[in-house]
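K.L.:
Mind having a look at this structure? Questions to follow.
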Amino acid sequence: MAKDGRFSEVLGPRGGDPHRPRYHLTAPRNWLNDPNGLIRWGDEYHLFYQHNPAGIGIESMRWGHAVSMDLVRWRQLPVALAPGAPYDREGVYSGCAVDDGGVPTAIYTGVHPEVQCLARGSDDLRQWTKHEGNPVIGARPEGLELTGFRDPCVWGRQGRWHMALGSGIKGRGGAVLGYRSENLIDWEYAGPILAGHRGRDALPTGTMWECPNLFPLGDRHVLVISACGGGITPDVLWFVGSYEDGVFIPDEGQPRPADLGGGFFYAPQRLLDGGDRVLLFGWIKEGRSTGAQDAAGWSGVISLPRLLSMGTDGRIGVEVAPEVKMLRGEHRRLEEAELAERDGVVPVEGIGGACLEVDAAFDPGDAEAVGLALRRSPDGREETLLYWERARGRLVFDPGRASLADDADSWRGVRAGPLTLGAEETLRIHAFLDRTVVEVFINGRSCLTGRMYPTRPDSVGLGVFARGGTATLRHMDIWALESAVEPGGTPPG
Ligand code: DQQ
């Protein structure tokens with residue numbers, strides 16, 4: 001059996017289900033989606049999440065609850081908020097948490113129809129009481145025909161509360177609506193913070209912007225949206241710009257993708273960790289069929305914390321939060337190696353495991369493509385390729401041969417996004433594998449989330465390759481990672 005934090009030749013059966021991540025958070029059972037109410041309170045980090053304990057899919061949603069002292073090792077707590085009141089009997093949807101003068105306070109969307117509600121927490125955030133005057137925003141702004149009205153993001157500034165609410169304006173596109181309040185109870189509509197122009201945006205921005213987040217980063221502001229509707233693949237986009245008098249003005253006309261994985265990463269929320277750092281957690285979706293998720297008894301994963309920074313070029317930088325280093329176990333370092341086309345995929349000897357951190361630096365040389373083979377079987381019949389492609393200036397995640405299973409699930413499609421390297425620039429691939437999850441950080445400025453579901457227990461190998469020329473692997477550090485969450489089980493209480 002594979003031991004936690006050690007390299008292994010086969011996938012250990014610990015945790016029962018070989019596809020279930022070991023150091024990413026999943027729900028104790030069944031369905032998880034958006035992270036909600038992220039807040040640091042005293043010594044603890046609280047992560048609530050959209051949860052359906054009874055099955056797979058968005059039904060009768062509630063706030064699951066997990067707590068951590070270090071952002072990495074999570075413990076499940078009982079459900080914090082469940083449907084039941086007339087204004088949320090069809091679901092306690094996404095929202096945020098704030099510190100209201102020492103009282104933990106959640107602001108969420110109750111369904112149906114979509115209204116904004118408030119709940120107060122006990123000092124330790126274990127008990128929650130819904131406000132008796134709920135909903136605190138019960139009606140939509142007059143004169144606007146909206147495609148949705150949900151997912152409040154609230155922050156305090158200059159003695160007032162401000163809210164960005166996910167929405168869309170019929171016939172126009174997605175929108176984020178602004179509200180203001182003196183007390184979190186009485187809210188005044190302040191107009192759209194930003195609205196899209198469906199069809200006129202270079203990137204598809206859909207008809208509804210879910211889960212907005214608006215926060216300062218360096219000397220700019222960032223607006224993150226989860227765009228959906230109008231036939232687009234739901235995806236996370238972010239704008240950099242300025243925010244003044246309740247209006248967000250983007251620096252560029254267009255948002256950029258927050259992740260190159262084509263929608264596996266969704267509905268992220270920022271955690272203000274009490275200091276200056278901005279950390280983002282998102283929901284990593286499944287690629288398997290609903291039937292397979294149902295049979296597995298779990299679905300949905302919370303991403304690793306992503307640390308954002310503002311570059312001098314006005315672009316958002318993204319790295320994994322340094323706390324994740326705590327999971328590192330056995331380590332191996334490889335030094336300089338030449339990679340040529342004729343060698344194909346070169347297996348990294350003596351390294352194996354489905355829970356790995358890989359930090360590799362490549363000089364692309366004159367190669368057309370250079371990168372890694374992940375979750376590789378010894379004969380190479382199962383493998384997932386992750387590489388930079390020079391001609392198209394992009395990062396590619398190709399799980400087309402990840403599994404020998406005879407199915408046509410959508411996760412097998414190639415995911416790719418723009419990644420241009422400077423003439424002498426090193427390609428740095430920093431990848432986190434957790435059984436079926438891959439989160440990759442590239443050169444501190446892009447990331448990609450992917451899924452792959454290999455069938456073979458010996459598909460735990462790692463390889464490196466170059467195509468169409470010769471590249472150099474400068475160095476590569478590999479760690480076997482420890483488990484950080486209880487594998488399944490019923491939460492206490
Ligand atoms: N998920 C929630 C909604 C939100 C959507 C429902 C985004 O509040 O708009 O589970 O994934």
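The values are calculated or read from the model by the stated rules, or taken from the named source; none is laboratory data. Here the structure is a predicted model, which is why all the values come from computation and not from measurement. Surface accessibility is based on the protein's heavy atoms, side chains included, excluding ligands, DNA and RNA. Shrake-Rupley method; radii C 1.70, N 1.55, O 1.52, S 1.80 Å.
K.L.:
Just report the Cα centroid separation between the range 291-370 and the range 179-194, whole Å.
P.N.:
The distance from the Cα centre of the range 291-370 to that of the range 179-194 comes to 42 Å.
K.L.:
Quick one, what does Rg over Rh come out to for the chain if you take C-alpha atoms and the Kirkwood Rh?
P.N.:
We get a ratio of 0.97 for the chain.
K.L.:
A further question follows. Hey, could you grab the Kirkwood Rh for the range 30-320? Inverse mean 1/r over distinct alpha carbon pairs, Å, one decimal.
P.N.:
Averaging 1/r across every pair of different Cα atoms and inverting gives 19.0 Å.
K.L.:
The range 329-481: percent of C-alpha pairs farther apart than 26 Å?
P.N.:
Taking all Cα-Cα pairs of the range 329-481, the fraction more than 26 Å apart is 17 percent.
K.L.:
Kindly provide the helix-only [θ] at 222 nm of the chain, computed as the sum of -39,500 (n - 2.57) over DSSP H runs of four or more divided by all residues, to the nearest 500 deg cm²/dmol?
P.N.:
-500 deg cm²/dmol
K.L.:
So, taking all protein chains as they sit and a 1.4 Å probe, how much accessible area belongs to Met208, in Å² rounded to tens?
P.N.:
So the heavy atoms of Met208 present about 10 Å² to solvent.
K.L.:
How long are the semi-axes of the ellipsoid equivalent to the range 116-269, from square roots of 5 times the Cα gyration tensor eigenvalues, in whole Å, largest first?
P.N.:
26, 17, 16
K.L.:
Shifting gears a bit: Of Met326, Met61, which has the most accessible area and how do the rest follow, probe 1.4 Å?
P.N.:
Correct descending sequence by accessible area is Met326, Met61.
K.L.:
Which whole-angstrom value gives the distance between the alpha carbon centres of the range 69-145 and the range 258-279?
P.N.:
That distance is 20 Å.
K.L.:
Can I ask one more? Heavy-atom accessible area of Glu357 with all protein chains present, probe 1.4 Å, nearest 10 Å²?
P.N.:
0 Å²
K.L.:
Rounded to the nearest whole Å², what accessible area per residue is found for the range 30-320 with the 1.4 Å probe?
P.N.:
Solvent-accessible surface per residue comes out at 37 Å².
K.L.:
Just the accessible area for Lys130, please: 1.4 Å probe, Å², rounded to the nearest 10?
P.N.:
Surface open to solvent at Lys130 totals about 50 Å².
K.L.:
Using the Kirkwood radius built from alpha carbon pairs, what does the Stokes-Einstein equation give as D for the range 242-388 at 37 °C and 0.692 mPa s, in µm² per second?
P.N.:
Diffusion coefficient, whole number: 170 µm²/s.
K.L.:
Still on this structure: Leaving ligands, DNA and RNA out of it, report the carbon-plus-sulfur percent of the accessible area of the chain at a 1.4 Å probe.
P.N.:
47 percent
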